[in-house]
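One structure is given here, and the rest of the page talks about it.
Each reported figure results from applying straightforward, stated rules to the coordinates on display, with no laboratory input. All values reported here derive from a predicted model rather than from experimental measurement. Don't worry about glycine lacking a Cβ; one is built from the backbone with ideal geometry, like all the others, and counts go over all protein chains shown.
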Amino acid sequence: AAMKMGQMLSIQDESIAPPALTNALEKVRKGAEAMPQYQLMQQLEDQWGEDWRERIDLEERPFAAASIGQVHRGKLVLPSKTSTTTKVAVKVQYPGVADSIESDLSNLSMLVKASGLAPPGLFLENVIRVGREELKVECDYRRELEHQQRFQTLISSDPGLV
């Protein structure tokens with residue numbers, strides 16, 4: 001969560017933050033790395049069961065990584081009656097991210113206040129509150145799926161969009 005907040009703050013107007021904070025936030029914004037292979041496999045098994053490979057052919061190396069998870073290319077494993085390949089993007093959340101939001105944001109707030117790095121006029125409590133709300137929504141992959149399914153339903157009748 002602290003990394004995500006750092007990323008959010010790093011894209012704000014640089015003129016309001018001291019150079020030391022701007023530089024640190026820029027490093028945070030670029031610092032997301034992929035989770036170790038064993039952790040990825042554990043996440044997939046925890047969410048989809050031990051037989052997940054029977055349903056999807058997944059590239060084990062992510063093509064994108066960010067502050068709360070990473071994204072992999074995959075293909076759905078369909079019954080042999082069809083030769084159609086359905087390509088998918090699979091988002092895998094880093095373990096413990098959703099559970100650490102409160103403590104991470106509390107620690108970040110304390111650090112920024114204690115260090116004096118908060119720029120004048122920044123209402124840190126508001127930034128933390130909005131960040132908390134956004135992070136909780138962003139960590140809810142089931143909600144995201146529901147929105148994607150609804151969007152698909154809304155555009156499915158338009159041949160120019162499908």
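Numbers at a glance
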| item | result |
| --- | --- |
| J(HN,Hα) series, segment 47-54, from Karplus relation 6.51 cos²θ - 1.76 cosθ + 1.60, nearest Hz, glycine and proline x | 8, 10, x, 5, 9, 4, 5, 6 |
| Per-pair calculated FRET efficiency, R0 = 35 Å: N126 and A89 via Cβ, rounded to 0.05 | 0.60 |
| Reachable aspartates and glutamates from K113, criterion Cα separation under 15 angstrom, eight or more residues apart if same chain | D104, E125 |
